[in-house]
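Student: Quick one: structure below, then a few questions.
Coordinate-derived values only; no laboratory data. Not measured: the values here are computed from a predicted model. FYI the Cβ positions are ideal-geometry reconstructions off the backbone, even for glycines, and counts take in every protein chain you see.
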Ligand SMILES: *Cc1c(COP(=O)(O)O)cnc(C)c1O
């Protein structure tokens, strides 16, 4: 098995509301790709790593917040691909289980104040400009290569779906899924759920990465206050969902996407008999970073 080949199953959701409304939902369990390489962050890194290797670079340099799924995926995939890794972490020095795991996988961490962090190319040049081994990997893996990796999520699916859902941060994953759907899921509408406020920018990002897609619809009203912000109904939804399905979702990304999908089911947005696929993009660190929200008041 190559460290950058990913496999994940498709699981049917058994919930009484779906039976009642005659809606069929499958979950593409990209969270099951790997315990630490969270779903789409592994997909996004595949062609980045192949490119770095093709250019004979041996050291991935990347960027992220202290609970970043991307940082952890980079640390683990670099280790399994025989590459070194360094990450510049936004903000003051902290310790947490995610950063600890990154270090266990051999990643070097540097904490960078928020102002300086803003210009990643400048940071890269300051420390790695003259290092022929160094390979720049943007925050979250944002790149054309990331889109290519996410296109593969649409391969080998068991059905033709009417609708496909995913959470969006930068839009690269949505772009890949929509591009992959164009060839493999021709009748599907691809729905993006931005987890940030003002998510309409996602359409521009997608257009820049993959021009002329016309199978995309955004649902911008499910951000719950903004990136990594949350509200009580979202936490309640996640608890109910996890305890009735055994599938772990979290409040930063997947919780908002699943909430949006189930809310649209409740509001009869879909026709009876329609088949829907939701891509579980992973995101365990989003749970670890927010676990206190799930403790019941004593
Ligand atoms: C990063 C991430 C996303 C968003 O991916 P983009 O390509 O930035 O839109 C969605 N879900 C999870 C779990 C993520 O970690």
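Student: Could you tell me which of rounded, prolate or oblate describes the range 210-298, using a ≥ b ≥ c as the square roots of the eigenvalues of the alpha-carbon gyration tensor, with rounded for a/c under 1.5 and, failing that, prolate when a/b is larger than b/c and oblate otherwise?
Tutor: Taking the square roots of the gyration eigenvalues as a ≥ b ≥ c, the range 210-298 is prolate.
Student: Averaging over all projection directions, find the projected area of the Cα convex hull of the range 119-165 and quote it in nm² with one decimal place. Mind dumping the intermediate values first?
Tutor: Details: hull surface 20.7 nm².
Mean orientational projected area (the range 119-165, Cα hull): 5.2 nm².
Student: Sequence gap at least 6, Cα distance under 8 Å: using those rules, report the relative contact order of the chain to the nearest whole percent.
Tutor: So the answer I get is 22 percent.
Student: Over the range 108-225, what relative contact order in percent results from Cα pairs under 8 Å that are six or more residues apart?
Tutor: That works out to 22 percent.
Student: What percentages make up the Cα-Cα pair-distance distribution of the chain when the bins are 10 Å wide from 0?
Tutor: Here the calculated profile for the chain is 6, 28, 36, 22, 7, 1, 0.
Student: Just want the ordering: 70, 34, 128, from fewest to most Cβ atoms lying within 10 Å of their own Cβ.
Tutor: Working: 70 27, 34 20, 128 16.
Neighbour counts put them in this order, fewest first: 128, 34, 70.
Student: Percent antiparallel among DSSP beta bridges with both residues in the range 1-104, to the nearest 5?
Tutor: If I count the DSSP bridges inside the range 1-104, around 35 percent turn out antiparallel.
Student: Continuing with the same structure: Enter the per residue convex hull volume of the range 194-236, computed from alpha-carbon coordinates, in Å³ rounded to the nearest integer.
Tutor: 75
Student: Out of the DSSP beta bridges found with both residues in the chain, what percent are antiparallel (nearest 5)?
Tutor: Numbers: 3 of 35 bridges.
Counting only bridges with both partners in the chain, antiparallel ones make up about 10 percent.
Student: With bins 10 Å wide starting at 0, give me the P(r) of the range 158-248 over every alpha carbon pair, in whole percents.
Tutor: Percent of Cα pairs in each bin: 17, 40, 32, 11, 0.
Student: Roughly how far apart, in whole Å, are the Cα centres of the range 233-277 and the range 101-143?
Tutor: The distance from the Cα centre of the range 233-277 to that of the range 101-143 comes to 35 Å.
Student: Still on this structure, please answer the following. Taking Cα atoms, how many degrees apart are the long axis of helix 232-245 and the longest axis of the chain, rounded to 10 and kept between 0 and 90?
Tutor: Tilt of helix 232-245: around 80 degrees.
Student: When a footprinting reagent is the concern and you count Cβ atoms within 10 Å, what order do 162, 30 take, fewest first?
Tutor: The order, fewest Cβ neighbours first, is 162, 30.
Student: To test your reading of the geometry: what angle, between 0 and 90 degrees and rounded to tens, separates the Cα axis of helix 69-80 from the longest principal axis of the chain?
Tutor: Taking the Cα atoms of the chain, the angle to 69-80 is about 60 degrees.
Student: Order these by the 10 Å Cβ neighbour count, fewest first: 80, 85.
Tutor: 80, 85
Student: What is the range 29-76's relative contact order, in percent, from Cα pairs under 8 angstrom and six or more apart in sequence?
Tutor: Details: 31 pairs, mean separation 22.1, N = 48.
Once normalised by length, the contact order is 46 percent.
Student: For the range 27-120, state what percent of all Cα-Cα pairs lands in each successive 10 Å bin, counting from 0 Å until the bin that includes the largest distance.
Tutor: Calculated P(r), rounded to whole percents: 17, 48, 30, 5.
Student: From the Cα gyration tensor of the range 86-132, with a ≥ b ≥ c the square roots of its eigenvalues, which class applies: rounded if a/c is under 1.5, or else prolate if a/b is larger than b/c, or else oblate?
Tutor: On the way: a/c = 3.55, a/b = 1.36, b/c = 2.61.
Oblate, since a/c reaches 1.5 and b/c is not below a/b.
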